[in-house]
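First the structure, in the form of structure tokens, and then the observations on it.
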Amino acid sequence: MCYHCSQCAEKIIEAVLLESDIAPKQTHDLIWLAEMLPDSDSKEKLYSRCEVLKPYATMTRYPYTKDGVFRASEEDAADAYDSLLEILRILGDV
């Protein structure tokens, strides 16, 4: 679920960029994409929510870490979902 929340946020940010006539960069880095968005009062909050989702773009596709296999917890999934909902709310106001 964490991966899908991250992917959804990425696609939403890219859609807002395209709607603003800004070509999104080829990246999964949500912060980098968010920095390309038009200025808004909510950008800092957007960055903090993107920061929550950013690791899931790769961590869940390449789950092996030095400590073993990464497994997202229910709390991770809830945080990812809450972050996605907040990103949707913020970008709905852009």
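The values are calculated or read from the model by the stated rules, or taken from the named source; none is laboratory data. Everything numeric here is computed off the predicted structure, so don't read it as measured data. Because the Cβ atoms are built from the backbone with ideal geometry, glycine has one as well, and the counts that use them run over all protein chains shown.
Within the range 29-43, the only residue that satisfies the criterion of being of a type in the set (Asp, Glu) and not in a loop (DSSP other than H, G, I, E, B) is Glu35. Pairs meeting the criteria (first residue in the range 17-32 and surrounded by 14 or more Cβ atoms within 10 Å (Cβ to Cβ), second residue part of a helix (DSSP H, G or I) and polar (S, T, N, Q), beta carbons under 9 Å, at least 6 apart or on different chains) are His28/Ser6; His28/Gln7; His28/Thr58; Leu30/Ser6. Scanning the range 44-94 for residues being assigned to a helix (DSSP H, G or I) and modelled with pLDDT under 85 gives a total of 3. In the set (1) in contact with a Phe, Trp or Tyr (Cβ under 6 Å, 6 or more places away or on another chain); (2) touching a residue at least 60 places away in the same chain (Cβ under 8 Å), Tyr3 fails one condition alone, (2). Filtered by the rule that a residue be touching a helix residue (DSSP H, G or I) at 6+ places or on another chain (Cβ under 8 Å) and not in a helix (DSSP H, G or I), the range 1-28 gives Met1, Ala23, Pro24, Lys25, Thr27, His28.
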